[in-house]
Amino acid sequence: MRTIIHARYTLRGGVLVDDLAITVDGDAIVDAGTLTELGARYPAADRVGGDDYILAPGFTNAHDHGRALGTLALGVADNFLELWLGHLARLPRIPPYLAARYSGLQLLGSGVTAVAHSHNPSSWSELPAEIPEALRGYADAGIRVAMHPPIVDQNQLVYAERELFLDMLPPELRRRAGSAEAVDLSADDYFALLEDLYRNFHDSKRHRAHIQASPAGGQWCGDELIIRACEWARARRTRVQMHMLETRYQRIYARKTWGVSFIRHLEDIGALGDWLTLAHMVWVEDEDMELLAERGVGVAHNISSNLRLRSGIAPVAMLAAAGVPVGIGLDGQTLDDDQDFLREMRLAWTIGNQSGMAAADLDAETVWRMGAGLAADITFGAEVPLGELEVGGLADLVLLEGEAIRRPADYLPLKRLPALLLRRCRREHVRHVMVGGEWILRDGEHVSVNARDVERELWERLRFEARDLPSELEAHLRRFYRAWDDEELPPLPGQSHQNDSG
Ligand SMILES: [Zn+2]
(Lines give C-alpha, C1' and ligand atoms only; values in the text may rest on other atoms or scores of the structure.)
Protein backbone atom coordinates (compact mmCIF):
# COMPACT_ATOMS: atom_id res chain seq x y z
CA MET A 1 0.00 0.00 0.00
CA ARG A 2 1.44 3.33 -1.06
CA THR A 3 0.87 6.62 0.74
CA ILE A 4 1.44 10.12 -0.59
CA ILE A 5 2.36 12.52 2.19
CA HIS A 6 2.06 16.20 1.42
CA ALA A 7 2.14 19.52 3.25
CA ARG A 8 2.27 23.27 2.68
CA TYR A 9 6.03 23.19 3.30
CA THR A 10 8.55 20.39 3.56
CA LEU A 11 11.71 20.59 5.64
CA ARG A 12 14.65 19.23 3.68
CA GLY A 13 18.31 19.72 4.58
CA GLY A 14 17.26 22.37 7.11
CA VAL A 15 15.39 24.57 4.60
CA LEU A 16 11.68 24.72 3.82
CA VAL A 17 10.58 23.77 0.33
CA ASP A 18 7.25 24.62 -1.26
CA ASP A 19 5.00 21.87 -2.64
CA LEU A 20 7.24 18.87 -2.17
CA ALA A 21 5.33 15.66 -1.51
CA ILE A 22 6.72 12.16 -1.00
CA THR A 23 5.46 8.66 -1.68
CA VAL A 24 6.01 5.97 0.94
CA ASP A 25 5.90 2.30 0.04
CA GLY A 26 6.66 -0.34 2.69
CA ASP A 27 9.21 1.17 5.07
CA ALA A 28 10.86 3.54 2.59
CA ILE A 29 10.41 6.78 0.67
CA VAL A 30 10.16 5.70 -2.96
CA ASP A 31 9.40 8.96 -4.77
CA ALA A 32 9.30 12.74 -4.33
CA GLY A 33 7.77 15.52 -6.40
CA THR A 34 4.88 17.97 -6.45
CA LEU A 35 1.53 16.67 -5.23
CA THR A 36 0.19 16.90 -8.79
CA GLU A 37 3.06 14.81 -10.14
CA LEU A 38 2.80 12.14 -7.44
CA GLY A 39 -1.00 12.09 -7.73
CA ALA A 40 -0.66 11.28 -11.43
CA ARG A 41 1.98 8.60 -10.83
CA TYR A 42 0.17 6.90 -7.92
CA PRO A 43 -3.57 7.47 -8.48
CA ALA A 44 -4.60 4.69 -6.06
CA ALA A 45 -2.33 5.81 -3.21
CA ASP A 46 -3.68 6.99 0.15
CA ARG A 47 -3.09 10.66 0.86
CA VAL A 48 -2.16 12.09 4.26
CA GLY A 49 -1.40 15.72 5.07
CA GLY A 50 -2.58 18.95 3.48
CA ASP A 51 -2.02 22.69 3.51
CA ASP A 52 -2.36 22.88 7.31
CA TYR A 53 0.88 20.94 7.83
CA ILE A 54 4.62 21.16 7.65
CA LEU A 55 6.37 17.92 6.75
CA ALA A 56 9.68 17.22 8.48
CA PRO A 57 12.00 14.23 8.79
CA GLY A 58 11.69 12.38 12.10
CA PHE A 59 14.10 13.74 14.70
CA THR A 60 16.90 11.79 16.37
CA ASN A 61 17.63 12.30 20.06
CA ALA A 62 21.40 11.80 19.89
CA HIS A 63 22.00 11.14 23.60
CA ASP A 64 19.66 10.07 26.39
CA HIS A 65 19.26 7.61 29.25
CA GLY A 66 15.63 6.49 28.97
CA ARG A 67 14.86 7.09 32.65
CA ALA A 68 11.19 7.74 31.86
CA LEU A 69 10.28 10.09 34.68
CA GLY A 70 13.30 12.32 35.10
CA THR A 71 15.75 12.37 37.97
CA LEU A 72 14.22 15.40 39.68
CA ALA A 73 10.79 13.74 39.77
CA LEU A 74 12.49 10.68 41.27
CA GLY A 75 14.00 12.65 44.11
CA VAL A 76 17.46 13.70 42.90
CA ALA A 77 17.91 17.47 42.76
CA ASP A 78 19.88 19.05 39.91
CA ASN A 79 23.44 19.70 40.99
CA PHE A 80 27.02 19.67 39.73
CA LEU A 81 27.57 16.40 37.86
CA GLU A 82 30.28 15.23 40.28
CA LEU A 83 27.91 15.68 43.24
CA TRP A 84 24.78 14.50 41.41
CA LEU A 85 26.10 11.21 40.04
CA GLY A 86 26.40 9.49 43.40
CA HIS A 87 22.64 9.78 43.87
CA LEU A 88 21.75 7.96 40.66
CA ALA A 89 22.48 4.57 42.20
CA ARG A 90 19.76 5.30 44.74
CA LEU A 91 16.98 6.17 42.29
CA PRO A 92 13.85 4.09 42.78
CA ARG A 93 13.81 1.11 40.44
CA ILE A 94 11.64 1.21 37.34
CA PRO A 95 11.38 -2.03 35.34
CA PRO A 96 13.63 -1.36 32.30
CA TYR A 97 10.95 -2.47 29.84
CA LEU A 98 8.46 0.06 31.17
CA ALA A 99 11.06 2.84 31.44
CA ALA A 100 12.13 2.37 27.82
CA ARG A 101 8.60 2.01 26.53
CA TYR A 102 7.41 5.16 28.26
CA SER A 103 10.55 7.10 27.26
CA GLY A 104 9.97 6.05 23.65
CA LEU A 105 6.31 7.10 23.71
CA GLN A 106 7.22 10.45 25.24
CA LEU A 107 9.82 11.10 22.54
CA LEU A 108 7.54 10.04 19.68
CA GLY A 109 5.00 12.58 20.90
CA SER A 110 7.67 15.20 20.37
CA GLY A 111 8.48 14.06 16.81
CA VAL A 112 11.53 11.99 17.78
CA THR A 113 11.67 8.75 15.80
CA ALA A 114 15.08 7.46 16.96
CA VAL A 115 17.00 7.66 20.23
CA ALA A 116 20.50 6.95 21.49
CA HIS A 117 20.00 5.19 24.83
CA SER A 118 22.93 5.27 27.25
CA HIS A 119 21.90 2.67 29.80
CA ASN A 120 22.28 3.16 33.56
CA PRO A 121 21.98 -0.35 35.02
CA SER A 122 20.42 -0.76 38.45
CA SER A 123 23.52 -2.88 39.20
CA TRP A 124 26.34 -4.25 37.05
CA SER A 125 25.10 -7.81 37.50
CA GLU A 126 21.66 -6.78 36.18
CA LEU A 127 23.08 -5.28 32.97
CA PRO A 128 22.76 -8.43 30.78
CA ALA A 129 19.10 -8.87 31.77
CA GLU A 130 18.18 -5.19 31.51
CA ILE A 131 19.42 -4.41 27.99
CA PRO A 132 17.09 -6.86 26.16
CA GLU A 133 14.20 -5.56 28.27
CA ALA A 134 14.98 -1.96 27.34
CA LEU A 135 15.27 -2.94 23.67
CA ARG A 136 11.86 -4.60 23.88
CA GLY A 137 10.40 -1.46 25.48
CA TYR A 138 11.62 0.78 22.68
CA ALA A 139 10.47 -1.72 20.04
CA ASP A 140 6.97 -1.81 21.57
CA ALA A 141 6.88 1.99 21.67
CA GLY A 142 7.73 1.99 17.94
CA ILE A 143 10.92 4.05 18.09
CA ARG A 144 14.37 3.20 16.72
CA VAL A 145 17.18 2.86 19.23
CA ALA A 146 20.97 2.93 19.26
CA MET A 147 21.68 0.99 22.46
CA HIS A 148 24.70 1.80 24.61
CA PRO A 149 25.42 -0.76 27.32
CA PRO A 150 27.99 1.00 29.55
CA ILE A 151 31.30 -0.03 31.06
CA VAL A 152 33.65 1.80 33.45
CA ASP A 153 36.88 0.66 35.08
CA GLN A 154 38.38 3.58 37.02
CA ASN A 155 37.88 6.88 38.92
CA GLN A 156 34.44 6.10 40.31
CA LEU A 157 34.91 8.10 43.50
CA VAL A 158 36.83 11.10 42.15
CA TYR A 159 38.89 11.76 39.03
CA ALA A 160 42.40 10.55 39.98
CA GLU A 161 43.83 11.66 43.37
CA ARG A 162 41.67 9.10 45.14
CA GLU A 163 43.97 8.76 48.14
CA LEU A 164 44.17 12.52 48.54
CA PHE A 165 40.38 12.71 48.59
CA LEU A 166 40.02 9.83 51.06
CA ASP A 167 42.50 11.56 53.36
CA MET A 168 40.21 14.58 53.46
CA LEU A 169 37.34 12.55 54.93
CA PRO A 170 36.47 11.79 58.55
CA PRO A 171 37.48 8.15 59.36
CA GLU A 172 33.99 6.60 59.31
CA LEU A 173 33.04 8.24 56.00
CA ARG A 174 36.45 7.37 54.60
CA ARG A 175 35.87 3.70 55.29
CA ARG A 176 32.46 3.68 53.61
CA ALA A 177 33.51 5.82 50.64
CA GLY A 178 36.58 3.69 50.03
CA SER A 179 34.58 0.49 49.69
CA ALA A 180 31.62 1.81 47.70
CA GLU A 181 33.05 1.92 44.21
CA ALA A 182 33.52 -1.67 43.08
CA VAL A 183 32.53 -2.43 39.48
CA ASP A 184 32.00 -6.16 39.22
CA LEU A 185 31.95 -6.35 35.44
CA SER A 186 35.24 -7.27 33.79
CA ALA A 187 36.15 -6.01 30.33
CA ASP A 188 36.08 -9.60 29.03
CA ASP A 189 32.56 -10.14 30.36
CA TYR A 190 31.48 -6.79 28.95
CA PHE A 191 32.68 -7.56 25.43
CA ALA A 192 31.18 -11.05 25.59
CA LEU A 193 27.85 -9.45 26.50
CA LEU A 194 28.21 -6.85 23.75
CA GLU A 195 28.93 -9.58 21.22
CA ASP A 196 25.90 -11.54 22.33
CA LEU A 197 23.66 -8.47 22.11
CA TYR A 198 25.10 -7.56 18.74
CA ARG A 199 24.36 -11.02 17.33
CA ASN A 200 20.82 -11.06 18.65
CA PHE A 201 19.63 -7.49 18.26
CA HIS A 202 21.78 -5.43 15.87
CA ASP A 203 19.57 -4.80 12.84
CA SER A 204 21.75 -3.74 9.92
CA LYS A 205 18.89 -4.08 7.40
CA ARG A 206 15.93 -2.13 8.77
CA HIS A 207 17.93 -0.30 11.48
CA ARG A 208 15.30 -0.74 14.19
CA ALA A 209 18.04 -1.28 16.79
CA HIS A 210 21.79 -0.87 16.75
CA ILE A 211 24.12 -2.24 19.42
CA GLN A 212 27.08 0.05 20.11
CA ALA A 213 30.00 0.09 22.55
CA SER A 214 29.99 2.61 25.35
CA PRO A 215 32.96 3.20 27.59
CA ALA A 216 30.76 5.49 29.68
CA GLY A 217 33.10 8.45 30.00
CA GLY A 218 36.73 9.29 29.28
CA GLN A 219 37.71 9.76 32.92
CA TRP A 220 35.94 6.58 34.01
CA CYS A 221 37.66 4.32 31.48
CA GLY A 222 41.30 3.38 31.01
CA ASP A 223 42.99 3.70 27.61
CA GLU A 224 42.98 -0.05 27.03
CA LEU A 225 39.21 -0.24 27.49
CA ILE A 226 38.56 2.70 25.16
CA ILE A 227 40.85 1.26 22.48
CA ARG A 228 39.22 -2.14 22.75
CA ALA A 229 35.74 -0.58 22.41
CA CYS A 230 36.79 1.26 19.24
CA GLU A 231 38.31 -1.89 17.76
CA TRP A 232 35.23 -3.93 18.61
CA ALA A 233 32.89 -1.38 17.00
CA ARG A 234 34.99 -0.81 13.88
CA ALA A 235 35.26 -4.54 13.17
CA ARG A 236 31.45 -4.76 13.22
CA ARG A 237 30.74 -1.49 11.43
CA THR A 238 28.91 -0.13 14.44
CA ARG A 239 29.72 2.82 16.70
CA VAL A 240 31.09 3.99 20.05
CA GLN A 241 29.45 6.63 22.23
CA MET A 242 31.12 8.18 25.28
CA HIS A 243 30.44 11.05 27.67
CA MET A 244 33.27 13.52 27.18
CA LEU A 245 34.35 16.86 28.65
CA GLU A 246 31.01 17.43 30.31
CA THR A 247 32.51 19.39 33.20
CA ARG A 248 35.53 21.61 33.71
CA TYR A 249 36.95 19.02 36.12
CA GLN A 250 37.11 16.44 33.37
CA ARG A 251 39.21 18.85 31.31
CA ILE A 252 41.48 19.48 34.30
CA TYR A 253 41.74 15.72 34.87
CA ALA A 254 43.15 15.30 31.35
CA ARG A 255 45.63 18.14 31.78
CA LYS A 256 46.78 16.79 35.15
CA THR A 257 47.06 13.22 33.86
CA TRP A 258 48.66 13.62 30.42
CA GLY A 259 49.64 17.30 30.19
CA VAL A 260 47.55 17.59 27.01
CA SER A 261 43.86 18.08 26.22
CA PHE A 262 41.49 15.11 26.51
CA ILE A 263 40.89 15.12 22.75
CA ARG A 264 44.63 15.19 22.00
CA HIS A 265 45.03 12.20 24.31
CA LEU A 266 42.24 10.30 22.50
CA GLU A 267 44.04 11.08 19.24
CA ASP A 268 47.32 9.78 20.70
CA ILE A 269 45.72 6.42 21.55
CA GLY A 270 43.98 6.17 18.14
CA ALA A 271 40.42 6.50 19.44
CA LEU A 272 39.30 9.37 17.19
CA GLY A 273 37.46 8.45 14.01
CA ASP A 274 34.09 8.57 12.29
CA TRP A 275 32.93 5.65 14.45
CA LEU A 276 32.95 7.81 17.57
CA THR A 277 30.34 10.14 19.10
CA LEU A 278 31.18 12.24 22.15
CA ALA A 279 28.34 13.52 24.33
CA HIS A 280 28.37 16.97 26.00
CA MET A 281 31.79 18.38 24.98
CA VAL A 282 31.25 21.56 26.95
CA TRP A 283 34.96 21.97 27.70
CA VAL A 284 36.47 21.18 24.30
CA GLU A 285 39.58 23.23 23.54
CA ASP A 286 40.19 25.55 20.60
CA GLU A 287 42.99 23.54 19.01
CA ASP A 288 40.91 20.36 19.05
CA MET A 289 37.95 21.42 16.92
CA GLU A 290 39.74 21.06 13.59
CA LEU A 291 41.13 17.71 14.69
CA LEU A 292 37.62 16.46 15.55
CA ALA A 293 36.35 17.64 12.15
CA GLU A 294 39.27 15.99 10.34
CA ARG A 295 38.67 12.69 12.09
CA GLY A 296 34.91 12.83 11.51
CA VAL A 297 34.09 12.54 15.24
CA GLY A 298 30.44 13.34 16.07
CA VAL A 299 29.30 15.46 19.01
CA ALA A 300 25.99 15.08 20.85
CA HIS A 301 24.96 18.48 22.19
CA ASN A 302 22.95 18.48 25.43
CA ILE A 303 22.21 22.12 26.10
CA SER A 304 19.52 21.72 28.79
CA SER A 305 21.43 19.10 30.71
CA ASN A 306 24.58 21.23 30.63
CA LEU A 307 22.61 24.12 32.10
CA ARG A 308 20.74 22.10 34.72
CA LEU A 309 23.85 20.31 36.00
CA ARG A 310 25.83 23.58 35.97
CA SER A 311 28.35 22.17 33.50
CA GLY A 312 28.52 25.22 31.24
CA ILE A 313 27.80 26.08 27.61
CA ALA A 314 29.37 24.08 24.79
CA PRO A 315 30.89 26.12 21.93
CA VAL A 316 28.44 24.53 19.53
CA ALA A 317 28.51 27.29 16.88
CA MET A 318 32.30 26.98 16.69
CA LEU A 319 32.14 23.18 16.49
CA ALA A 320 29.63 23.43 13.65
CA ALA A 321 31.68 26.12 11.89
CA ALA A 322 34.76 23.88 12.13
CA GLY A 323 32.82 21.14 10.34
CA VAL A 324 32.19 18.82 13.29
CA PRO A 325 28.88 16.94 12.85
CA VAL A 326 26.76 17.93 15.85
CA GLY A 327 23.45 16.29 16.82
CA ILE A 328 21.06 17.31 19.57
CA GLY A 329 20.37 15.09 22.57
CA LEU A 330 18.06 15.58 25.55
CA ASP A 331 19.99 13.54 28.13
CA GLY A 332 16.67 13.17 29.99
CA GLN A 333 17.19 16.67 31.39
CA THR A 334 15.23 19.15 29.28
CA LEU A 335 14.74 22.65 30.64
CA ASP A 336 11.01 22.07 31.29
CA ASP A 337 11.50 18.42 32.28
CA ASP A 338 9.17 17.38 29.46
CA GLN A 339 11.41 15.81 26.76
CA ASP A 340 10.21 18.41 24.25
CA PHE A 341 12.70 18.03 21.42
CA LEU A 342 11.45 21.08 19.51
CA ARG A 343 12.01 23.35 22.47
CA GLU A 344 15.44 21.82 23.01
CA MET A 345 16.39 22.73 19.42
CA ARG A 346 15.16 26.27 20.09
CA LEU A 347 17.29 26.48 23.25
CA ALA A 348 20.37 25.09 21.45
CA TRP A 349 19.89 27.70 18.72
CA THR A 350 19.31 30.64 21.06
CA ILE A 351 22.16 29.92 23.46
CA GLY A 352 24.39 28.71 20.62
CA ASN A 353 24.56 32.29 19.36
CA GLN A 354 26.89 33.81 21.92
CA SER A 355 27.64 37.47 22.60
CA GLY A 356 30.48 39.39 20.92
CA MET A 357 30.70 40.33 17.24
CA ALA A 358 33.58 37.88 16.83
CA ALA A 359 31.37 34.96 17.95
CA ALA A 360 30.49 32.28 15.40
CA ASP A 361 26.89 32.26 14.13
CA LEU A 362 24.54 29.31 14.46
CA ASP A 363 21.66 29.60 11.99
CA ALA A 364 18.25 27.93 12.20
CA GLU A 365 18.89 25.74 9.15
CA THR A 366 21.94 24.19 10.85
CA VAL A 367 19.95 23.57 14.04
CA TRP A 368 17.19 21.77 12.11
CA ARG A 369 19.89 19.54 10.63
CA MET A 370 21.34 19.00 14.13
CA GLY A 371 17.94 17.66 15.14
CA ALA A 372 17.46 15.42 12.11
CA GLY A 373 20.09 14.54 9.48
CA LEU A 374 23.23 15.23 11.50
CA ALA A 375 21.79 13.67 14.65
CA ALA A 376 20.94 10.49 12.69
CA ASP A 377 24.45 10.45 11.17
CA ILE A 378 26.22 10.59 14.53
CA THR A 379 23.81 8.09 16.10
CA PHE A 380 23.52 5.38 13.43
CA GLY A 381 26.33 6.28 11.00
CA ALA A 382 26.18 8.49 7.89
CA GLU A 383 25.69 5.43 5.66
CA VAL A 384 22.32 4.59 7.26
CA PRO A 385 19.49 6.27 5.27
CA LEU A 386 17.84 8.14 8.15
CA GLY A 387 17.24 11.78 8.97
CA GLU A 388 16.40 13.20 5.54
CA LEU A 389 13.27 13.01 3.38
CA GLU A 390 15.11 11.54 0.42
CA VAL A 391 14.10 8.93 -2.10
CA GLY A 392 15.58 5.61 -0.92
CA GLY A 393 15.54 6.73 2.71
CA LEU A 394 13.64 5.00 5.50
CA ALA A 395 10.24 6.62 6.01
CA ASP A 396 10.57 8.33 9.40
CA LEU A 397 8.65 11.59 9.34
CA VAL A 398 6.62 14.12 11.25
CA LEU A 399 3.68 16.29 10.22
CA LEU A 400 3.69 19.47 12.27
CA GLU A 401 0.65 21.70 12.52
CA GLY A 402 1.41 24.77 10.44
CA GLU A 403 -0.73 27.06 12.59
CA ALA A 404 2.27 28.49 14.46
CA ILE A 405 3.59 30.18 11.33
CA ARG A 406 0.55 30.32 9.04
CA ARG A 407 -0.12 34.08 9.02
CA PRO A 408 3.46 35.32 8.68
CA ALA A 409 4.07 32.59 6.08
CA ASP A 410 1.56 34.34 3.81
CA TYR A 411 3.94 37.25 3.25
CA LEU A 412 7.40 36.25 4.54
CA PRO A 413 9.90 34.91 2.00
CA LEU A 414 10.46 31.16 2.22
CA LYS A 415 14.03 31.55 3.46
CA ARG A 416 12.80 33.28 6.67
CA LEU A 417 10.49 30.46 7.64
CA PRO A 418 12.91 27.90 9.12
CA ALA A 419 13.88 30.48 11.77
CA LEU A 420 10.26 31.40 12.49
CA LEU A 421 9.26 27.76 12.78
CA LEU A 422 12.20 27.01 15.08
CA ARG A 423 11.29 29.98 17.28
CA ARG A 424 7.68 28.91 17.67
CA CYS A 425 7.03 25.20 17.39
CA ARG A 426 6.44 22.96 20.38
CA ARG A 427 5.46 19.39 21.18
CA GLU A 428 1.78 20.42 20.80
CA HIS A 429 2.34 21.03 17.08
CA VAL A 430 3.35 17.40 16.46
CA ARG A 431 0.25 15.81 14.86
CA HIS A 432 1.30 12.71 12.91
CA VAL A 433 4.46 10.63 13.26
CA MET A 434 5.59 7.76 11.03
CA VAL A 435 8.45 5.35 11.73
CA GLY A 436 9.60 2.97 9.01
CA GLY A 437 6.41 3.49 7.00
CA GLU A 438 4.08 2.86 9.97
CA TRP A 439 1.94 5.53 11.57
CA ILE A 440 2.79 5.64 15.27
CA LEU A 441 1.02 8.89 16.13
CA ARG A 442 -2.16 10.17 14.49
CA ASP A 443 -3.77 13.48 15.47
CA GLY A 444 -1.41 13.76 18.40
CA GLU A 445 -2.41 10.35 19.84
CA HIS A 446 -0.48 7.08 19.86
CA VAL A 447 -2.15 4.66 17.47
CA SER A 448 -1.78 1.42 19.42
CA VAL A 449 -1.38 2.43 23.05
CA ASN A 450 -2.53 5.04 25.51
CA ALA A 451 0.66 6.67 26.81
CA ARG A 452 -1.19 7.81 29.94
CA ASP A 453 -1.96 4.19 30.84
CA VAL A 454 1.73 3.34 30.55
CA GLU A 455 2.60 6.33 32.73
CA ARG A 456 0.05 5.27 35.34
CA GLU A 457 1.52 1.75 35.41
CA LEU A 458 4.96 3.28 35.85
CA TRP A 459 3.97 5.23 38.91
CA GLU A 460 2.15 2.25 40.37
CA ARG A 461 5.16 -0.04 39.94
CA LEU A 462 7.57 2.52 41.34
CA ARG A 463 8.91 1.71 44.80
CA PHE A 464 9.91 4.81 46.69
CA GLU A 465 11.67 3.94 49.88
CA ALA A 466 11.51 6.56 52.58
CA ARG A 467 15.17 7.38 53.03
CA ASP A 468 17.22 10.45 53.14
CA LEU A 469 19.53 10.35 50.15
CA PRO A 470 23.07 10.29 51.47
CA SER A 471 24.64 13.66 50.86
CA GLU A 472 27.44 13.40 53.40
CA LEU A 473 30.06 13.22 50.69
CA GLU A 474 28.86 16.29 48.82
CA ALA A 475 30.56 18.98 50.85
CA HIS A 476 33.84 17.05 50.72
CA LEU A 477 33.59 16.49 46.97
CA ARG A 478 32.90 20.16 46.44
CA ARG A 479 35.92 21.13 48.53
CA PHE A 480 38.09 18.62 46.65
CA TYR A 481 37.17 19.87 43.17
CA ARG A 482 37.17 23.51 44.27
CA ALA A 483 40.95 23.17 44.67
CA TRP A 484 41.18 22.05 41.03
CA ASP A 485 39.85 25.43 39.89
CA ASP A 486 43.26 26.92 40.65
CA GLU A 487 44.99 24.91 37.88
CA GLU A 488 46.61 27.02 35.16
CA LEU A 489 44.94 26.14 31.87
CA PRO A 490 45.10 27.39 28.26
CA PRO A 491 42.24 29.73 27.23
CA LEU A 492 39.04 28.14 25.94
CA PRO A 493 37.36 28.75 22.58
CA GLY A 494 36.19 32.34 22.27
CA GLN A 495 38.13 33.39 25.38
CA SER A 496 41.22 34.76 23.66
CA HIS A 497 39.39 37.56 21.79
CA GLN A 498 37.38 38.44 24.91
CA ASN A 499 40.61 38.77 26.88
CA ASP A 500 42.12 41.09 24.25
CA SER A 501 39.67 43.82 25.13
CA GLY A 502 40.31 43.59 28.89
ZN1 LIG B 1 24.33 11.42 29.51
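The values are calculated or read from the model by the stated rules, or taken from the named source; none is laboratory data. What you see is a predicted model; the values in this text were computed from it and never measured. Methodologically, a virtual Cβ is constructed for each residue, glycine included, from the backbone with ideal geometry; neighbour enumeration extends over all protein chains shown. Only protein heavy atoms, including side chains, enter the accessible area calculation; ligands, DNA and RNA are left aside. Shrake-Rupley method; radii C 1.70, N 1.55, O 1.52, S 1.80 Å.
For the range 270-283, a residue qualifies if it is within 16 Å of the ligand (Cβ to nearest atom) and either part of a strand (DSSP E or B) or over 17 Å from the mean Cα position of the chain (by Cα) (or both), and the qualifying residues are L276, T277, L278, A279, H280, W283.
Quick one: in the range 40-69, of everything that is small (G, A, S) and surrounded by fewer than 16 Cβ atoms within 10 Å (Cβ to Cβ), which residue is nearest to the chain's Cα centre (by Cα)?
Among those that are small (G, A, S) and surrounded by fewer than 16 Cβ atoms within 10 Å (Cβ to Cβ), it is G50.
Give the range 290-319 a look and list any residue that's part of a loop (DSSP other than H, G, I, E, B) and open to solvent by less than 10 Å² (accessible area, probe 1.4 Å), or say none.
Taking the range 290-319 as the starting set, the residues that turn out to be part of a loop (DSSP other than H, G, I, E, B) are 296-297, 302, 309-315.
If the condition is that a residue be part of a loop (DSSP other than H, G, I, E, B) and open to solvent by less than 10 Å² (accessible area, probe 1.4 Å), then V297, N302, L309, S311, A314 are the ones that fit.
The residues of the range 73-92 that are in a loop (DSSP other than H, G, I, E, B) and either in contact with an Asp or Glu (Cβ under 6 Å, 6 or more places away or on another chain) or closer than 18 Å to G217 by Cα (or both), listed by number, are F80, A89. Pull out all pairs, ordered by first then second residue, where Cβ-Cβ is under 7 Å, the residues are six or more apart or on different chains, the first lies in the range 228-255 and is over 24 Å from S304 (Cα atoms) and outside any loop (DSSP other than H, G, I, E, B), and the second is away from the ligand (no atom under 16 Å from the Cβ) and of a type in the set (D, E, K, R). Short answer, once both residue conditions are applied: R255/E487.
Name the residues in the range 45-81 that are among the hydrophobic types (A, V, I, L, M, F, W, C) and within 13 Å of the ligand (Cβ to nearest atom), would you? So that I can check it myself, show each step before the final result.
Keep residues of the range 45-81 that are among the hydrophobic types (A, V, I, L, M, F, W, C), which gives 45, 48, 54-56, 59, 62, 68-69, 72-74, 76-77, 80-81.
Hits for the range 45-81 are A62, L81.
Going by what's in this entry, would G58 be described as at negative phi and free of Cβ contacts under 8 Å to residues at least 60 places away in the same chain? In short, no.
Annotation note: Cβ proximity below 6 Å between a residue of the range 459-479 that is farther than 22 Å from P95 by Cβ and a residue that is modelled with pLDDT of 85 or more (sequence gap 6+ or interchain) occurs for E472/L173; E474/L83; H476/M168; H476/L169; L477/E82; L477/L83. Looking at the range 102-111, can you tell me whether even one residue there is closer than 22 Å to R456 by Cβ, crowded, with 24+ Cβ neighbours inside 10 Å, more than 14 Å from the chain's Cα centre (by Cα) and within 16 Å of the ligand (Cβ to nearest atom)? Within the range 102-111 (the criterion being closer than 22 Å to R456 by Cβ, crowded, with 24+ Cβ neighbours inside 10 Å, more than 14 Å from the chain's Cα centre (by Cα) and within 16 Å of the ligand (Cβ to nearest atom)), the answer is no, since none of the residues qualifies. Out of the residues in the range 341-358 that are touching a helix residue (DSSP H, G or I) at 6+ places or on another chain (Cβ under 7 Å) and farther than 17 Å from N306 by Cβ, state the one that is farthest from the ligand (Cβ to nearest atom). Here the residue is A358.
Can you confirm whether R136 is closer than 28 Å to D188 by Cα, of a type in the set (D, E, K, R), open to solvent by 10 Å² or more (accessible area, probe 1.4 Å) and at pLDDT below 95? Walk me through it before giving the result.
On the way: closer than 28 Å to D188 by Cα: yes; of a type in the set (D, E, K, R): yes; open to solvent by 10 Å² or more (accessible area, probe 1.4 Å): yes; at pLDDT below 95: no.
Considered against the rule, which asks whether it is closer than 28 Å to D188 by Cα, of a type in the set (D, E, K, R), open to solvent by 10 Å² or more (accessible area, probe 1.4 Å) and at pLDDT below 95, R136 comes out as no.
Looking only at the range 207-224, how many residues end up being open to solvent by 10 Å² or more (accessible area, probe 1.4 Å) and in a helix (DSSP H, G or I)? Residues meeting the conditions: 3.
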